[in-house]
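Remarks on the structure that follows.
The values are calculated or read from the model by the stated rules, or taken from the named source; none is laboratory data. Keep in mind the model is a prediction, meaning the values are calculated, not measured. Note: ideal-geometry Cβ built from the backbone for every residue, glycine included; neighbour counts use all protein chains shown. Heavy atoms of the whole protein, side chains included, go into the accessibility calculation; ligands, DNA and RNA do not. Shrake-Rupley method; radii C 1.70, N 1.55, O 1.52, S 1.80 Å.
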Amino acid sequence: MTRSPLRVEHIGDRSVVTLDRPEVRNAIDQATVDALHAVCAELEREPRVLLLAGSGGVFASGADIAELRDRRAADARRAINQAVFTRIRALPMPVIAALHGYALGGGAELAYAADLRIATPALKIGNPETGLGIIAAAGATWRLPAIVGEARAAELLLTGRILDADEALSWGLVSSLHPADDLLAAAHALADRIARNDPLATRRTKQVLQTEPLDQPALVNELQAELFESPEKIRRMTTFLERRTR
């Protein structure tokens with residue numbers, strides 16, 4: 001039986017997906033892409049917070065070069081990795097990437113598709129694609145500027161520079177650093193904080209964050225109108241007021 005490139009655990013209100021090809025530093029091949037599509041299909045039907053991690057002390061070293069070398073123009077136009085990373089980005093509930101070791105090339109672009117990124121001090125993250133004669137085509141050219149700004153994104157993408165953990169933290173590419181043994185627990189702690197909030201309000205907030213800035217005000221008004229009619233809004237605010245008067 002062929003071994004799955006992912007380990008998938010559904011734990012209550014969240015799913016933990018671990019890239020599991022340690023023999024190739026979790027390089028993202030077609031089988032990994034197919035498995036990620038299957039995870040997305042399930043989370044689109046039953047929304048849960050998604051935690052992404054890697055096995056063997058590495059998040060993902062990049063796309064599988066053995067496959068990538070043989071791809072041609074038609075494969076580029078199929079947007080193989082880009083399509084699944086876009087699908088991950090569009091999942092209804094937040095996605096948390098727990099980064100340890102290498103997150104390079106396609107592995108970095110998978111991390112950029114997450115809503116929240118945390119890491120260990122061993123992180124090495126960046127996009128060396130131009131050194132291999134290609135471009136970062138799975139989201140880096142538009143997601144990275146939104147995360148770190150155009151000037152820093154241009155430096156990373158044009159030079160192929162790899163950031164260490166402290167640089168990634170200072171640039172805002174990750175939000176916090178944790179010892180390796182505590183990384184997954186820290187990711188679960190973020191998921192716990194999200195889980196304490198109203199799921200519908202969380203989903204609508206993510207929806208707005210993914211909308212073009214000029215379109216956000218009108219969308220915010222419509223989504224807030226929906227939430228103002230929500231029984232959960234009434235329940236939560238009533239509980240808050242009752243607690244304050246005790």
In segment 109-125, anything closer than 20 Å to Leu209 by Cβ and either among the charged types (D, E, K, R) or open to solvent by less than 10 Å² (accessible area, probe 1.4 Å) (or both) is listed as Glu109, Leu110, Ala111, Tyr112, Ala113, Ala114, Asp115, Arg117, Ile118
Of the listed residues (Ile28, Ile11, Ile65), the one being among the aliphatic types (A, V, I, L, M), open to solvent by 60 Å² or more (accessible area, probe 1.4 Å) and within 24 Å of Thr120 (Cα to Cα) is Ile11
Pro128: passes all of (1) touching a strand residue (DSSP E or B) at 6+ places or on another chain (Cβ under 6 Å); (2) open to solvent by less than 70 Å² (accessible area, probe 1.4 Å); (3) of a type outside the set (Gly, Ala, Ser) but (1)
The number of residues in segment 184-240 that are hydroxyl-bearing (Ser, Thr, Tyr) and in contact (Cβ under 8 Å) with a residue 24 or more places away in the chain is 2
Could you say whether any residue in segment 168-177 is open to solvent by 40 Å² or more (accessible area, probe 1.4 Å), under 20 Å from Gly62 (Cα atoms) and in contact with a Lys or Arg (Cβ under 7 Å, 6 or more places away or on another chain)?
-> no
Note: among Ala76, Ala83, Ala66, Ala98, just one is in contact (Cβ under 8 Å) with a residue 60 or more places away in the chain and either assigned to a helix (DSSP H, G or I) or out of contact with any Gly (no Cβ under 9 Å at 6 or more places or on another chain) (or both), namely Ala76
